[in-house]
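Taking it in order: structure first as structure tokens, then the write-up.
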Amino acid sequence: MADARSSAREKQAQHRLLAHPSCHEKCGVFGIYAPTHDVARLSYFGLYALQHRGQESAGIAVGHNGKIEYHTGMGLVSTVFDEETIERLRGQVALGHVRYSTTGTTSAANAQPLIGEHRSGPFAIGHNGNLVNTFHLREQLSEEGVEFSSTTDTEVILRLIEQSSAPSLELAIAEAMHRMQGAYSLGIMVPDRIIAVRDPHGVRPLCIGRLNNDGWVISSESCALHVIGARFVREVEPGQIVTFSKSGMEAIQVFEPERKAMCIFEFIYFARPDSHIYGRNIYTTRQRMGNLLAQQAPADADLVIPVPESGIPHAVGYAEVSGIPYGQGFIKNRYIHRTFITPDQRLRDLGVHIKLAPLKEAIAGKRLVVVDDSIVRGTTTGPEISLLREAGAREVHLRINCPPLRYPCFYGIDTSTQEELIAARMTVEEIRDHLGADSLEYLTMPNLVKAVGLPKNNFCTACFDARYPIPIPEAVKISKAMLETEDVK
Ligand code: 5GP
Ligand code: SF4
Ligand code: MG
């Protein structure tokens, strides 16, 4: 009886944990060691450049004289920080984080960096990714008497490090890495150094930059290096711990590199177009996807338009090869990231108008090729097509620069439960009909890989073909209602 009760409790706890939105987030990490610079101010601008990776909360921690101070809050970087808070954060080293979670519950308690205490001293941690064995680790740690104040996997990493008896933080991190499974790009700060950590598959990006001759920077994306005048040095290798301090850069290879599995969706949608990953510029890679899509799926049309902002490089590439003129068909309100004011019913009925307005003069009477990076749930693409029709578009040929998204992501991106993914429920023809397009074509996997320009086994492509590079425990699969489906080649 006691067993049955405890197993029911276990299941409930497991359900709560798995269902918690903060388990699935894409984020941005920025860290800097630069004793002669205003590190908090530079982190502010670094995070500002990484804002696209998370708009829910932001935080900066600084280290000085053996102590850590920090400020975190809900909302955009520009909302969370003002001159006064930046002035107060003085130090020789800083760690910043922007966090994103797509589901309703938002909580200041989950804002990062989180602060911990190891026997070697205090530390701060910021995470981009998602562990797949969070529940298991949490159970183990709880049995060891560790208490938790949130349900985030970042706290699990923090507690793993805290309870390690290793003499240095780097060794404690290495111990933790042996227990962690999943995707993690971490920034970890102690009062006199910054540490970059990447999982053995390198699922999420993380790179290193140099600031003048005395500073080091780590960043989720290279776009944040240029903003503060730092130059790109290299990516943090999968399975590495890299420390930056007054002794310079020191790397420990904790795991021999396994099969690399960089998230291919970073190239399609997440990363900023001016960033570089695997030595490839994101903008030109997307342009190449558009080039190949134009070859693969031509359309008889008068104008190629992007769905702004993310579809722009893809559309430029499509127009280039198709020979059809490129133009704007939508105007996007640049100031909308997340609006916290709920529209009234009349405005809700207008739906997508708040973000996107059709440019009637440019599209009326025309046969359009509409190019976008991806379709996830299909809830914005349909209304967008209606807008174009209402504005007088004669035909709408939809071109999508990745294969159909059919499977959930367990590595730090909320592509929702599987049944929410429109391509998991419908065939391409059904999606076309549902969205009201005259034709619909998706970029094929071979063309996607060709555009990125490296063999497929350098990437995670699981949301397209269910080939998960890091095994997913059954219970976690259930949380996303993962169906047993055959691999798509
Ligand atoms: P849907 O029609 O599936 O509702 O929306 C498709 C649009 O969502 C595309 O324009 C694509 O750029 C965008 N998108 C793709 N992935 C994400 C994501 O993770 N978060 C957000 N906010 N938009 C996404
Ligand atoms: Fe990226 Fe998709 Fe793999 Fe998730 S499943 S890491 S979104 S490629
Ligand atoms: Mg988009």
- Which FRET efficiency, nearest 0.05, do GLN295 and ARG231 yield, Cβ-Cβ r, R0 35 Å? 0.45
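Charges at C-beta only: +1 for Lys and Arg, -1 for Asp and Glu. How large is the resulting dipole of segment 187-275 about its Cα centre, in Debye rounded to 20? Kindly include the intermediate steps, with their values, before the conclusion.
Values: 10 positive and 11 negative charges, 25 e Å.
Computed about the Cα centre, the dipole is about 120 debye.
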- Query: For segment 66-74, what does the Karplus curve 6.51 cos²θ - 1.76 cosθ + 1.60, with θ = phi - 60°, yield as ³J(HN,Hα) per residue in whole Hz, taken in order and with x for Gly and Pro?
  - Reply: x, 10, 10, 10, 8, 9, 10, x, 7
- Computed over the chain: longest principal axis from alpha-carbon atoms vs helix 134-143 long axis, angle to nearest 10 degrees, is 20 degrees
- Two-decimal Rg to Rh for the chain - Kirkwood Rh, Cα set: 0.98
- How many times 2.2 N^0.38 Å is the alpha carbon radius of gyration of segment 2-261? 0.96
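For a protection proxy built on the mean count of beta-carbon atoms within 10 angstrom, sort 40-47, 55-62, 90-97 highest first, please. Show your work: numbers first, answer last.
Numbers: 40-47: 24.6, 55-62: 26.5, 90-97: 28.1.
Ranking, from highest mean packing down: 90-97, 55-62, 40-47.
Probe radius 1.4 Å, ligands and nucleic acids ignored: give me the carbon and sulfur share of the accessible area of the chain as a rounded percent.
Details: 10510 of 20160 Å².
With neighbouring chains kept in place, the figure for the chain is 52 percent.
Net charge near ILE86: determine it from the other residues with C-beta under 14 Å of the C-beta of ILE86, scoring Lys and Arg +1 and Asp and Glu -1.
On the way: positive: ARG41, ARG88, ARG90; negative: ASP38, GLU69, ASP82, GLU83, GLU84, GLU87.
So the environment of ILE86 carries a net charge of -3.
Just to be sure I follow: if Rg is taken over the C-alpha atoms of segment 281-468 and Rh is the Kirkwood radius over the same atoms, what is Rg/Rh? List each step's numbers first, then the result.
Values: Rg = 16.4 Å, Rh = 17.1 Å.
Checking Rg against Rh, the ratio lands at 0.96.
Could you give the length gained by full extension between LYS355 and GLU320, i.e. 0.36 nm per residue of separation minus their alpha carbon distance, to one decimal place?
Details: separation 35, 0.36 × 35 = 12.60 nm, distance 2.71 nm.
Full extension of this stretch gives 9.9 nm more.
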- Message: With n ≥ 4 as the cut-off for DSSP H runs, can you work out [θ] at 222 nm for the chain, using -39500 (n - 2.57) per run divided by the number of residues, rounded to the nearest 500?
- Response: -8500 deg cm²/dmol
- Find how much the distance from ASP433 to ARG90 grows on full extension, using 0.36 nm per residue of separation minus their present alpha carbon separation; answer in nm with one decimal. 117.8 nm
- Item | Estimated FRET transfer efficiency (LEU454, GLU143; beta-carbon r; R0 41 Å; 0.05) | 0.45
- Message: I need the phi-derived Karplus couplings for segment 118-133: 6.51 cos²θ - 1.76 cosθ + 1.60, θ = phi - 60°, integer Hz, Gly and Pro marked x.
- Response: 9, 4, 7, x, x, 8, 10, 9, x, 10, 10, x, 7, 7, 9, 10
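So, by mean Cβ neighbours within 10 angstrom, what's the order for 370-381, 469-480 with the highest one leading?
Details: 370-381: 21.2, 469-480: 17.2.
Averaged packing, sorted descending, gives the order 370-381, 469-480.
Report the net charge of residues surrounding MET426, where surrounding means a beta-carbon distance below 13 angstrom and charges are Lys +1, Arg +1, Asp -1, Glu -1.
Details: positive: ARG377, ARG406, ARG425, ARG432; negative: GLU419, GLU420, GLU429, GLU430, ASP433.
Once positives and negatives cancel, what remains is -1.
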- Message: Please compute the per residue accessible area over the chain with all protein chains in place, 1.4 Å probe, rounded to a whole number of Å².
- Response: 41 Å²
- Task: Go ahead and run the numbers for FRET between ASN212 and LEU171, Cβ-Cβ distance against an R0 of 30 Å, rounding to 0.05.
- Result: 0.45
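The values are calculated or read from the model by the stated rules, or taken from the named source; none is laboratory data. Values in this document were obtained by computation on a predicted structure and should not be read as measured data. Here the Cβ is made from the backbone with ideal geometry for all residues, glycine too, and neighbour counts use every protein chain on show. What goes into the accessible areas is simple: the full protein's heavy atoms, side chains included, and nothing from ligands, DNA or RNA. Shrake-Rupley method; radii C 1.70, N 1.55, O 1.52, S 1.80 Å.
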